[in-house]
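Here the structure comes first, spelled out in structure tokens, and everything after it is commentary.
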Amino acid sequence: MSVAISSSERGEAENRASILIGSCPGAPALVPAPVPAPAMQRSEGRAVIAFKRRGPATVLDRLRQEGCAKIRLPRDHGAGGPVAVLLNTAGGLTGGDRFDVHGIWAPDTTATLTTQAAERLYRSSGGTARVANRLEVGKGATAFWLPQETIVFDGSMLERRFDVALAGDARLVAVESWVIGRRAMGEQVRSGGIVDHWRIRIDGRLVLADTLRLSGDMHATLQRPTIARGRTCFATLLLAGSASGEATACLNGLRNLVACSRMDGLLVARLLAADAAELRTGLVAAIRRLGEILPGADLRVPKVWSG
């Protein structure tokens, strides 16, 4: 035989039971069970894009995209080969997010990877956002890695890796730029942390290992005269495979250039600026100058940079 008990009767019975137990000498006090905090939703994205040679042209070989990582291929890419535009449909990165990109250039191909907009790194409520960008550039190929800026907000956490494997006669032009708080918005980054690892290999030999680390009060750190002299926007520009003396000389005199080194077939330049607009102007000038002296590279500023 079954007996139906209404929810109100059940609640009254539980209350009476708790009163009776609580009134018994030596009975343990009733403690409500802790309610677990809801798990925060995190975004994940992975994309693989490969280029191949078809006659005189570079064309798409294969494309895979998962999660919030998307790639678009505009039709009007000019003589410099395809331009692949990376998108993060999550709208930015925060603690616990993961975003991976793998680009592959077959021998004798030329193509550009860029981003639709600046990447935004938001305050973390727990954990670190992780980004892994990996490029493989075959013999005689030319790769352009030209993402737009990463904008860092107060309290954000990021660890990013940039790993490149180049064939001995391949070429690479790569840029990564940072905006540590937007000056026009009155933003100052007083907490958080960013780590950016660069590892460049030519024919399997490590030729560049560079790591940027900023943590805590980044705004105060960048005020120091030995670091950035109060300028909170900076970029690294890398040229591999065509780092001649002419390439070094073409960058001399740039307003935002603070360092330029040439070693082991590499040219590494550092740029500093007071705000994002000034940094963009300096990068555009540097890319155009390199494009004028690199034989057959047809290096151009991506059209999406002007959007």
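Along segment 90-104, what does the Karplus equation 6.51 cos²θ - 1.76 cosθ + 1.60 (θ = phi - 60°) give for ³J(HN,Hα), rounded to whole Hz, x for Gly and Pro?
In residue order, the calculated couplings are 6, x, x, 10, 9, x, x, 6, 9, 9, 10, 10, 10, x, 10 Hz.
Quick one: Karplus J couplings for segment 234-246, per residue in order, coefficients 6.51, -1.76, 1.60, θ = phi - 60°, nearest Hz, x for Gly and Pro?
Listing the rounded values in order: 8, 8, 10, 10, 10, 10, 10, x, 9, 7, 8, x, 5 Hz.
Would you mind putting 221-232, 143-154 in packing order, based on average other-beta-carbon counts within 10 Å, highest first?
On the way: 221-232: 14.5, 143-154: 22.4.
My ranking of the peptides, most packed first, is 143-154, 221-232.
Hey, can you rank 130-140, 195-205, 104-114 by average C-beta count inside 10 Å, highest first? Don't skip to the end; give the middle numbers.
Values: 130-140: 19.2, 195-205: 16.1, 104-114: 22.2.
Per-residue Cβ counts within 10 Å, averaged per peptide and sorted highest first, yield 104-114, 130-140, 195-205.
If you count the DSSP beta bridges with both ends in the chain, what percent of them are antiparallel, to the nearest 5?
45 percent
Peptides 281-291, 174-184, 250-260, 54-64: what's the order by average Cβ count within 10 Å, highest mean first? List each step's numbers first, then the result.
Working: 281-291: 18.5, 174-184: 20.5, 250-260: 15.1, 54-64: 12.4.
Going by the mean number of other Cβ atoms within 10 Å, highest first, we get 174-184, 281-291, 250-260, 54-64.
Taking the square root of 5 times each eigenvalue of the Cα gyration tensor, what semi-axes in Å does the equivalent ellipsoid of the chain have, largest first? If you can, show how the numbers build up before the last one.
Values: eigenvalues 512, 126, 53 Å².
Taking √(5λ) for each eigenvalue gives 51, 25, 16 Å, largest first.
With each label point set 7 Å from Cα along the Cα-Cβ vector, what nm distance links E44 and L208?
For E44 paired with L208, the spin-label model returns 3.1 nm.
How many angstrom lie between the Cα centre of segment 131-169 and the Cα centre of segment 200-258?
14 Å
Hey, what's the per residue convex hull volume over the C-alpha atoms of segment 72-201, in cubic angstrom?
Working: hull volume 13.9 nm³, N = 130.
Given the Cα convex hull of segment 72-201, per-residue volume reads 107 Å³.
Enumerate the amide H contacts of L93 below 5 Å, restricted to partners 5 or more residues apart or on another chain; note that Pro and chain-start residues carry no placed amide H.
Result for L93 returns R120, L121, Y122.
Shape verdict for segment 169-214, please, from the Cα gyration tensor: rounded (a/c under 1.5), prolate (a/b greater than b/c) or oblate. Could the numbers behind the result be given before it?
Details: a/c = 7.43, a/b = 2.32, b/c = 3.21.
Here segment 169-214 falls in the oblate category.
Pop a pseudo-label 7 angstrom from the Cα along the beta-carbon direction at both R134 and E292 and give the gap in nm to one decimal.
Going by the 7 Å Cα→Cβ label model, 3.9 nm.
Computed FRET efficiency, Cβ-Cβ of V59 and D217, R0 30 Å: what is it to the nearest 0.05? The partial results should precede the final answer.
Values: r = 49 Å, r/R0 = 1.62.
Working from the Cβ atoms, E equals 0.05.
Which whole-Hz ³J(HN,Hα) couplings does segment 187-198 yield from phi under the Karplus relation 6.51 cos²θ - 1.76 cosθ + 1.60, θ = phi - 60°, glycine and proline marked x?
Values, residue by residue: 7, 9, 8, 9, 7, x, x, 10, 9, 10, 9, 10 Hz.
Each reported figure results from applying straightforward, stated rules to the coordinates on display, with no laboratory input. Fair warning: this is a prediction, and the values are worked out from it, not measured in the lab. Here the Cβ is made from the backbone with ideal geometry for all residues, glycine too, and neighbour counts use every protein chain on show.
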